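Reviewing the structure listed below.
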Amino acid sequence: MFRATEKRAGERAGRIAQTVLIPTLLVSGLVGVWTVADDGWLRAVAPSHAYGLLAFAALDVVLALVVIVLARLAYVGAFLISMTQVVAMAGDALTFTPTGTLQAAFRAYLLGDTAFVALLVIQLAIAGMTATALALPHGVRHRVHLEQSNHLKSLS
């Protein structure tokens, strides 16, 4: 009985995670593509960063599709990709200096760019959602086992 309850709770949590994560990954991919398409200065001054952003956008779209088939693997991949993108974006804002530009001016440009900030927030949300999706089934199992053991203790 406890295993059936555990399984249903885990499946429900997985469906909720998929329902939220898939559109979020797709939006992230679209924002990344839109940023590269819309920001000519980024393409001109830091083409490798523009290509990197396109690669992240493509990975987001692929992961959105993989979530449907291999949810747990996609959660791990989405978590790792989102955290890598957060680190890369923070590194750009804090340390990257395009040729002929002061670092402080570039940082102000990035942090003033709505698409950059939105993408950073989306990536943090993806990391939070995937970490929760990965941890929730373990938490459900742990809670069911504690309830079972408490019940058995009260019978003695």
Next on the checklist: So, R0 is 41 Å and r is the distance between the beta-carbons of Leu73 and Trp41; what FRET efficiency does that work out to, to 0.05?
Outcome noted: 0.65
Next on the checklist: Whole-Hz ³J(HN,Hα) for each residue in the range 45-59, computed from phi via Karplus 6.51 cos²θ - 1.76 cosθ + 1.60 with θ = phi - 60°, x for glycine and proline: what do you get?
Outcome noted: 8, 9, x, 5, 6, 5, 5, x, 5, 5, 5, 4, 4, 5, 4
Next on the checklist: Can you sort Val20, Val86 by solvent-accessible area, 1.4 Å probe, largest first?
Outcome noted: Val20, Val86
Checklist entry - Sorted by packing (mean other beta-carbon atoms within 10 Å per residue), highest first, where do 41-47, 98-104 land? => result 41-47, 98-104
Next on the checklist: Show me, for the range 112-128, the HN-Hα J-couplings you get by feeding each phi into the Karplus relation (A = 6.51, B = -1.76, C = 1.60, θ = phi - 60°), rounded to Hz, glycine and proline as x.
Outcome noted: x, 8, 4, 5, 4, 5, 4, 5, 4, 5, 4, 5, 5, 5, 4, 4, x
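The values are calculated or read from the model by the stated rules, or taken from the named source; none is laboratory data. The structure presented is a predicted model; accordingly, all values stated were derived computationally and were not measured. Using ideal geometry, Cβ is built from the backbone for each residue, glycine included, and neighbour counts are taken over all protein chains shown. Quick note on the areas: whole protein, heavy atoms, side chains included, nothing else; ligands and nucleic acids left out. Shrake-Rupley method; radii C 1.70, N 1.55, O 1.52, S 1.80 Å.
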